[in-house]
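Enquirer: This structure is in structure tokens; I'll ask about it shortly.
The values are calculated or read from the model by the stated rules, or taken from the named source; none is laboratory data. Small disclaimer: the values here were computed from a predicted structure and weren't measured. Glycine gets a Cβ as well: all are built from the backbone with ideal geometry, and neighbour counts include every protein chain shown.
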């Protein structure tokens, strides 16, 4: 297969995955974001990168959105929401963060392949995304892509769609958001 043929197959995989996402769970996540005082995002590896992109867009909309582990991340409180981005739901560095957020009384949303995982069991809200796990021998979902690529791509697109839904609920458009975009680049 040539590069553009691979791209066509990837786009088809993404398109076939979308109907597997719960609209009800997606709407709950949007509502939790709108109701939170602050939103914190955490993830590891490529899943963490997708979470960072999501936090950036929430900041562009005027939310107090932060990435766990950054030096400017403030205190998490009972009025806040933690969004955990994890395929397996078993990432060793993410479990204690999720446990601490629960102990502090805030809400936890897991965006994951694995709702029955350790993080899934701690979460107040789960958005299960389709895709293959990193070890594709462990799952039934088939993809031509390596490791967790399909899950990570779906996560990015799901987060972008969530941004659109929140923009709609808040009456925002791109021009209103652009005022929060970095201007020292």
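Enquirer: Conditions: (1) crowded, with 18+ Cβ neighbours inside 10 Å; (2) over 15 Å from residue 160 (Cα atoms); (3) in contact with a helix residue (DSSP H, G or I) (Cβ under 9 Å, 6 or more places away or on another chain). Residue 106 meets all but one. Number of the miss?
Expert: So residue 106 meets the others, but not (3).
Enquirer: So residue 26 ticks every box in (1) under 12 Å from the mean Cα position of the chain (by Cα); (2) outside any helix (DSSP H, G or I) but one. Which box is left unticked?
Expert: (2)
Enquirer: Still on this structure, please answer the following. Any chance you could count how many residues in segment 35-51 are on the phi < 0 side of the Ramachandran plot, within 15 Å of the chain's Cα centre (by Cα) and surrounded by fewer than 17 Cβ atoms within 10 Å (Cβ to Cβ)?
Expert: Total meeting the criteria: 1.
Enquirer: Looking for whichever is touching a strand residue (DSSP E or B) at 6+ places or on another chain (Cβ under 9 Å), over 24 Å from residue 157 (Cα atoms) and surrounded by fewer than 22 Cβ atoms within 10 Å (Cβ to Cβ) here; the options are 74, 115, 96. Which one fits?
Expert: Every option except 74 fails the conditions.
Enquirer: Can you spot a residue in segment 16-23 that is surrounded by 12 or more Cβ atoms within 10 Å (Cβ to Cβ), farther than 27 Å from residue 146 by Cα and touching a residue at least 40 places away in the same chain (Cβ under 8 Å)?
Expert: Taking every residue of segment 16-23 in turn, none turns out to be surrounded by 12 or more Cβ atoms within 10 Å (Cβ to Cβ), farther than 27 Å from residue 146 by Cα and touching a residue at least 40 places away in the same chain (Cβ under 8 Å).
Enquirer: Of the residues 131, 69, only one is at positive phi and in contact with a helix residue (DSSP H, G or I) (Cβ under 8 Å, 6 or more places away or on another chain); which?
Expert: 131
Here's the yes/no breakdown for (1) touching a helix residue (DSSP H, G or I) at 6+ places or on another chain (Cβ under 8 Å); (2) in a strand (DSSP E or B); (3) closer than 21 Å to residue 151 by Cβ:
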residue	(1), (2), (3)
13	yes, no, yes
31	no, no, no
48	no, no, yes
79	no, no, no
82	yes, yes, yes
92	no, no, yes
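For every residue, the table says whether it meets (1) more than 14 Å from the chain's Cα centre (by Cα); (2) buried (at least 19 other Cβ atoms within 10 Å of the Cβ); (3) in a loop (DSSP other than H, G, I, E, B); (4) at pLDDT 95 or above.
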site: 102; (1), (2), (3), (4): yes, no, no, yes
site: 146; (1), (2), (3), (4): yes, no, yes, no
site: 161; (1), (2), (3), (4): no, no, no, yes
site: 168; (1), (2), (3), (4): yes, no, no, no
site: 172; (1), (2), (3), (4): yes, no, yes, no
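Listed here are the residues, each with its yes/no results for (1) touching a residue at least 24 places away in the same chain (Cβ under 8 Å); (2) surrounded by 16 or more Cβ atoms within 10 Å (Cβ to Cβ); (3) part of a helix (DSSP H, G or I); (4) in contact with a helix residue (DSSP H, G or I) (Cβ under 9 Å, 6 or more places away or on another chain).
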| residue | (1), (2), (3), (4) |
| --- | --- |
| 57 | yes, yes, yes, yes |
| 62 | yes, no, no, yes |
| 111 | yes, yes, no, yes |
| 121 | no, no, yes, no |
| 151 | yes, yes, yes, yes |
